[in-house]
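Here is the structure we will look at, set down as structure tokens.
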Amino acid sequence: MINFEEGSVILIDKPYRWSSFDVVNKIRSLIKYHIGIKKIKIGHAGTLDPLATGLLILCSGKFTKKIDEFQAFEKEYTGTMVLGATRPSSDMETEIDNTYDISNISEENILELAKTFVGNIQQTPPLFSAKKIEGTRAYEFARKGMDVKMAVNDIFIKEFEITNINLPEISFRIVCSKGTYIRSLVKDFGEKLQNGAYLSALCRTRIGEYYLKNAWSMEKVEEIIIKQKK
């Protein structure tokens, strides 16, 4: 039994191509339709891009006051980048705009470079992101072809592990602070190799002490909500 109205924390395995807002809106609609709660406070603690999957924390009722607290926790991601090409969005949302020769890049180059990203670094968020610029989401400017200046962020990378190299693909695991954009990290990785790179897959596996393995699928949440009606 989940007391949505009083307050709850729900771990969701966000599906591919769903926005974080899609998940919130779907669950809000299910609660209204099946349980009959017309007005409910519900929000998510940390946006995941539509093309990313993995752990999304939802808070309802009094627990929405804890959203900022959850957002401040360190995050863990696994993913795959592709060397030898760039895309304007630095992920699969947009088409390849430039290609590069990767024949001179070795596994040693890749492993040594990953070490240089660990620690306190500065990062420019991607233009194709939900970050707000004077009240407007950056991606809205990007999709109109407008170029705007993104402020640099100070972030902390606790771990950057290369888990597999099968060029042009590189698989990795990253543990990082709030405010880290993995797409920007991948873009910078390619540039430091004097090459190009984009993110082809990303999954958030942990937020603080909350793990993806304990999250529910959207289908499971819907099943629970429908049963609660009965």
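The values are calculated or read from the model by the stated rules, or taken from the named source; none is laboratory data. A quick note: this is a predicted structure, and the numbers were derived from the prediction, not measured. So basically every Cβ, Gly included, is an ideal-geometry build from the backbone, and we count neighbours across all protein chains shown.
In the stretch 42-103, which strands (runs of 3 or more DSSP E) lie fully inside it and hold 1 or more residues that are out of contact with any helix residue (DSSP H, G or I) (no Cβ under 7 Å at 6 or more places or on another chain) and in contact (Cβ under 8 Å) with a residue 12 or more places away in the chain?
53-61, 75-83
I'm trying to understand the selection: among the residues of the stretch 12-22, which are buried (at least 19 other Cβ atoms within 10 Å of the Cβ) and touching a helix residue (DSSP H, G or I) at 6+ places or on another chain (Cβ under 7 Å)?
Ile12, Asp13, Lys14 - these are the residues of the stretch 12-22 that are buried (at least 19 other Cβ atoms within 10 Å of the Cβ) and touching a helix residue (DSSP H, G or I) at 6+ places or on another chain (Cβ under 7 Å).
Given (1) of a type in the set (A, V, I, L, M, F, W, C); (2) under 30 Å from Ser106 (Cα atoms); (3) not in a strand (DSSP E or B), where does Ile224 come up short, assuming only one miss?
Result: Ile224 passes all but (2).
Take the stretch 155-164 and flag every residue that is over 12 Å from Gly79 (Cα atoms) and touching a Ser or Thr at 6+ places or on another chain (Cβ under 9 Å).
Residues satisfying the conditions are Ile155, Phe156, Ile157, Lys158.
Please identify the pairs in which a residue from the stretch 204-224 that is on the phi > 0 side of the Ramachandran plot has its Cβ atom under 8 Å from the Cβ atom of a residue that is surrounded by 12 or more Cβ atoms within 10 Å (Cβ to Cβ) and part of a helix (DSSP H, G or I), counting only partners at least 6 apart or on another chain.
Taking only residues 6 or more apart or on different chains, the pairs are Gly208/Phe70.
Can you name every residue in the stretch 165-176 that is buried (at least 17 other Cβ atoms within 10 Å of the Cβ) and closer than 13 Å to Tyr77 by Cβ?
Answer for the stretch 165-176, where residues must be buried (at least 17 other Cβ atoms within 10 Å of the Cβ) and closer than 13 Å to Tyr77 by Cβ: Phe172, Ile174, Val175, Cys176.
Residues to consider are Ala142, Ala72, Ala85, Ala130; find the one that is modelled with pLDDT of 95 or more and under 20 Å from the mean Cα position of the chain (by Cα).
Of the residues listed, the single one that is modelled with pLDDT of 95 or more and under 20 Å from the mean Cα position of the chain (by Cα) is Ala72.
Counting just the residues of the stretch 28-74 that are farther than 29 Å from Thr180 by Cβ and among the basic types (Lys, Arg), which one comes out surrounded by the most Cβ atoms within 10 Å (Cβ to Cβ)?
Going through the qualifying residues, I end up with Lys32.
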